[in-house]
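Here the structure comes first, spelled out in structure tokens, and everything after it is commentary.
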Amino acid sequence: MAQNSSAIMEALKEFDTPSITNVVATYPESPLCLGLYNPWTENWYTDQSIRCMYPDLGVQVGYAVTCVYGLPDPNFKRLSFMDVLDALDAMPKPTILVLQQNFPPEIAGKVGLAGGNMVSAMKAIGCLGMISNGPSRDIDEVRPMEFQYMLSGITPGHGAQAVHAVNVPVSVAGMDVAPGEVIHMDENGACKFPADKLEAVLNNVRALRDEEADRIGRLQKATSAAELRAIFGGHSYAAEEETPEPAPTKKMQATSGDDLTKIKHIGPKLAGVLEEAGYQTYEDVANADAKTLISLFSEAGVPAPDRNVPTIKEDAGRLAGS
């Protein structure tokens, strides 16, 4: 990795969690989306069953350490909270504890599992917060510690409890987490992604921020529904628009084509769209009418199809001249 992981995590705190989900998996057809998961079938972000207890803390990013808690089992007494602390200490910093609570339904909503003592110990070894599918307690005592709670709620007490597993895959609030994955969380919820994608996520979310800033600026200046539709559809709606050139047909195909996937932001799907429309070479793409490309990408279902067209044309020109 070209950049230091800690520096990348710090940089990722500039972005809210919905923005991170956008580049991790939410829009698989977008050139800026890494497509790490099927957004609906895989459990990679939290649901509404838990909430952020200290939204003023903002974004937290860290490596996941996991554990499972439940009622004491007389046949298993091997693990304790000290093993959880050892796992937190061994993981690269910073960390976020993802704690799966497995208690009987009749008491699951009354387990004030973590409190001031546990949080103080975790905070001392670089843990930034805890995500759990159950409640915890000491909400006022923990607040000045600047340790994030993402929980189902708060309750004041608990009974005997025990650690059943440490650093195993867990499922919490609709999110499946393995030890060492990266957790990004804020008041919107939490999402995860593999640690080896840290730099890619940062690069793409920065690019997304720049594109969305431009689009939001145009949306805020719009004065009609037609203009708004044009912005979302990728058209500029300038005062005097030229009629877009028709898309080239199969008759325009070159005798030998280039590998269009080498152009920035063009994957196999968009390469197929371009080839089907008659764009077979880098020169074809570089010389294409921008509005025609936007129209093609829009018909192919690309979200905000205008965002990468200038870069695509510029890179195609570079490849054509090389």
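The largest-to-smallest principal axis extents of the Cα set in region 1-150 are 53, 32, 30 Å.
Viscosity 1.002 mPa s, temperature 20 °C: Stokes-Einstein D of region 76-167 from its Kirkwood Cα radius, in µm² per second?
Working: Rh = 13.5 Å.
Diffusion coefficient, whole number: 159 µm²/s.
Specify the inter-centroid distance of region 205-228 and region 19-53, based on alpha-carbon positions, in whole Å. Region 205-228 and region 19-53 have Cα centres spaced 22 Å from each other.
Its DSSP H runs of at least 4 residues, each contributing -39,500 (n - 2.57), put the calculated 222 nm mean residue ellipticity of the chain at -9500 deg cm²/dmol, to the nearest 500.
Sorting Ser224, Ser298 on the 10 Å Cβ count, fewest up front, what's the list? The partial results should precede the final answer.
Numbers: Ser224 9, Ser298 17.
By the 10 Å Cβ count, ascending: Ser224, Ser298.
Let me check I've understood the local charge: for Thr17, count other residues with C-beta under 9 angstrom from its C-beta, Lys and Arg +1, Asp and Glu -1. What total comes out? My count for the surroundings of Thr17 gives -3. Against the chain, whose longest principal axis is taken from its Cα atoms, helix 290-299 shows a tilt of about 50°. For the chain, averaging the sequence separation of C-alpha pairs within contact (under 8 Å, six or more residues apart) and dividing by the residue count gives a relative contact order of 20 percent. A Förster distance of 30 Å, applied to the separation of the beta-carbon atoms of Arg78 and Glu106, puts the FRET efficiency at 0.70.
Sorted largest first, the spans of the alpha carbon positions of region 4-85 along the three principal axes are 53, 30, 27 Å.
Ranking Ile263, Ile125, Leu34 by Cα position along the charge dipole of the chain, where only Lys, Arg, Asp and Glu carry charges on their C-beta atoms, puts Ile125 farthest toward the positive end. Among Gly112, Gly257, Gly134, the largest mean-square fluctuation in a Gaussian network model of the chain, built with springs joining Cα atoms closer than 10 Å, belongs to Gly257.
At 37 °C and 0.692 mPa s, grab the translational diffusion coefficient of the chain from Stokes-Einstein with a Kirkwood Rh over Cα pairs, rounded to a whole number in µm² per second. In µm²/s, the coefficient rounds to 147.
In a simple Cβ point-charge model (Lys, Arg +1; Asp, Glu -1; nothing else charged), the chain has a dipole of about 600 debye relative to its Cα centre.
The relative contact order of region 40-149, computed from alpha carbon pairs under 8 Å that lie at least 6 residues apart in sequence, is 32 percent. Against the chain, whose longest principal axis is taken from its Cα atoms, helix 198-221 shows a tilt of about 60°. Computed from label points 7 Å out along Cα-Cβ, the spacing between Ser171 and Asp47 is 1.0 nm.
Residues Lys221, Lys197 in ascending order of nearby Cβ atoms (within 10 Å, fewest first): Lys221, Lys197. As a ratio to 2.2 N^0.38 Å, the alpha-carbon radius of gyration for region 163-211 is 1.40.
Every number in this text was worked out from the coordinates using simple rules, so none of it is lab data. If you're wondering where the values come from, they're calculated on a predicted model, not measured in any experiment. Because the Cβ atoms are built from the backbone with ideal geometry, glycine has one as well, and the counts that use them run over all protein chains shown.
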